[in-house]
Amino acid sequence: MSGCAEAAAVAATLPGAGVRNPEAPGVRPPMVPRQASFFPPPVPNPFVQDTRISASSRFLILLLGSILLPIRAICVALILIMAWPFAAVATVGLPEKLTHPVIGWRRTLTHPALKFLGRAMFFSMGFMVRVKGKIASPMEAPIFIVAPHSTFFDGIACIVAGLPSIVSRTENIYVPLIGRVLRAIQPVLVSRVDPDSRKTTINEIRKRATSRGEWPQLLVFPEGTCTNRTCLITFKPGAFIPGVPVQPILLRYPNKLDTVTWTWQGYTFIRLCMLTFSQLFTKVEVEFMPVHVPNDEEKSDPVLFANHIRNIMANALGVPVTDHTYEDCRLMISAGQLTLPMEAGLVEFTKISQKLKLDWESIRKHLDEYAAIATASKGGRIGIDEFAAYLKLPVSDVLRQLFALFDRNHDGSIDFREYVIGLAVLCNPANTEELIQVAFKLFDVDEDGYITEEEFATILQASLGVPDLNVSGLFREIAKGDSTHVSYVEFRSFALKHPEYAKIFTTYLDLQACHVFSLPKEVEMAPSIAHNKVCPGPIEDGTSDKKDD
């Protein structure tokens, strides 16, 4: 849509305007294409678990827990103590990051013992394990893909699969007892402080996956974080980069009372252990699906490979897939720190960041801006009144139209997702250096290089169609204090930091441009237009709020 067409749509909403849509008189035509990839997620928040325990269940937990909890805690501690000598023998004299696999007598002596003790530990915790399918050999599938990842108890998949290697944080090997056992299964260690860690990890996974059985199989939780099992979130592509056959493993916990799910918002580690240990038994199903051999296209595209495996596993589980990632967890936590509902931070980070070319810092900055508007709003959603108060402008027809551009599902409010999309698609393209310069010249009526409050009010009154508009609060914010005028540097700084105003500042500009185009040629040089040095040519090319995705 051209700048003139947009301005005509704006003009249709202004008091006394004569422009109307012939197909639907009085109705503003849609100005932004609805794209399916920007629709709200089809699943609830996957990082929240709200386990409700009835009064009868609480009584039973207290009764059984008083007996089972101490017994099971002692058993787990004893088994870990028993496992430590075997793990020490397997790792003594070896570096933290192995360069060669553990073979010979070390593995022959320690591996069967650690597998037995692992099964004994989960049995002592009350887990009843049901195994389906056939475990693939290292030659058939060098990598196991496990999902959904919903709890620290998911380590049972590693026990059932025969103690394959796992990908783990370097910090974990320093945990007493558990760290030594972890080293014994030859993990791929990831460091969060090493900037080259990601590259090193991928190279290590590739080396082991293509060793033709020399290294143990790898077991990977590709989701990278725990969810509530209502869906499968985005699979990280690391395990799929080698392009080797993989065996998907499904985890199910078919219990009446869920005491295992460990998400970012829910029960703590200690509470889950106490609840689970207090159950008579906890059922878990581990299903080994058929080995998937990637085709040539999947070998050359790890993301495609990962998505294909995710779809296969989701279909088998009967759950949907979603583009949420670990970055959404970070946004959710940040939202909580800003006193917003944690759901306000969920935007399906990967999909939106790829579409709009945004990075983590820019999304986090948007969340700060959104929180400034929505903190006092119920449910963390922004209505037209909060939006107007944030902009320090009255609710006018033009402001309603700007709000409608953000309100992508037409429910009368904006969530964080819509706010991010609106800023990136609607405001930032209209906030170029060229347009800021033109907008400044528009406000600078007397061309002295400064904007006074009177000049500022005059243009905004015409732009918003509000003759008695009070702009003192907004003007003071731009001027950063009690200054009576605003320089271009101050105006530019404010415009870049607050792209929400881009459409407001240029609405009058668009209307003026279209008015000029509609006049006979001899009228186009009217002093009122030339006085503000407004050139309609670049405006038509630069003010469209459309973006081809």
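Pick out the one residue from Ala316, Ala335 that is in contact with a helix residue (DSSP H, G or I) (Cβ under 7 Å, 6 or more places away or on another chain) and farther than 22 Å from Ile241 by Cβ.
Ala335
Residue under question is Ser54, and the condition is that it be within 21 Å of Thr268 (Cα to Cα), of a type in the set (S, T, N, Q) and at pLDDT below 90; does it hold?
Yes; evaluated as a whole, the condition is true for this residue.
Name every residue in the stretch 66-113 that is assigned to a helix (DSSP H, G or I) and either touching a Phe, Trp or Tyr at 6+ places or on another chain (Cβ under 7 Å) or not assigned by the TED database to the domain that holds Ala209 (or both), in order of residue number.
Leu68, Leu69, Arg72, Ala73, Thr110, Ala113
Considering the stretch 98-145 alone, what residues qualify as being touching a strand residue (DSSP E or B) at 6+ places or on another chain (Cβ under 8 Å) and at positive phi?
Gly126, Gly133
Within the stretch 451-467, can one find any residue that is over 24 Å from Ile384 (Cβ atoms) and modelled with pLDDT under 75?
Checking the stretch 451-467: not a single residue is over 24 Å from Ile384 (Cβ atoms) and modelled with pLDDT under 75.
I'd like the full set of residues that are of a type in the set (S, T, N, Q) and open to solvent by 30 Å² or more (accessible area, probe 1.4 Å), limited to the stretch 121-177.
Hits for the stretch 121-177 are Ser137, Asn172.
Considering every residue within the stretch 310-317, establish whether at least one is open to solvent by 60 Å² or more (accessible area, probe 1.4 Å) and either modelled with pLDDT of 90 or more or assigned by the TED database to the domain that holds Asp154 (or both).
Within the stretch 310-317 (the criterion being open to solvent by 60 Å² or more (accessible area, probe 1.4 Å) and either modelled with pLDDT of 90 or more or assigned by the TED database to the domain that holds Asp154 (or both)), the answer is yes, since at least one residue qualifies.
Can you tell me how many residues within the stretch 364-408 are open to solvent by less than 30 Å² (accessible area, probe 1.4 Å), assigned to a helix (DSSP H, G or I) and within 14 Å of Leu340 (Cβ to Cβ)?
Residues meeting the conditions: 8.
Out of (1) part of a helix (DSSP H, G or I); (2) open to solvent by 50 Å² or more (accessible area, probe 1.4 Å), what's the single condition that is false for Met332?
(2)
(1) in a loop (DSSP other than H, G, I, E, B); (2) over 20 Å from the mean Cα position of the chain (by Cα); (3) among the aliphatic types (A, V, I, L, M): which one isn't true of Met313, the others all being true?
Among (1) in a loop (DSSP other than H, G, I, E, B); (2) over 20 Å from the mean Cα position of the chain (by Cα); (3) among the aliphatic types (A, V, I, L, M), Met313 violates only (1).
The values are calculated or read from the model by the stated rules, or taken from the named source; none is laboratory data. Computed from a prediction, not measured in an experiment: that's the story for all the values here. Cβ: placed from backbone, ideal geometry, glycine included. Neighbour counts: every protein chain shown. All accessible areas refer to the heavy atoms of the entire protein, side chains included, with ligands and DNA or RNA removed. Shrake-Rupley method; radii C 1.70, N 1.55, O 1.52, S 1.80 Å.
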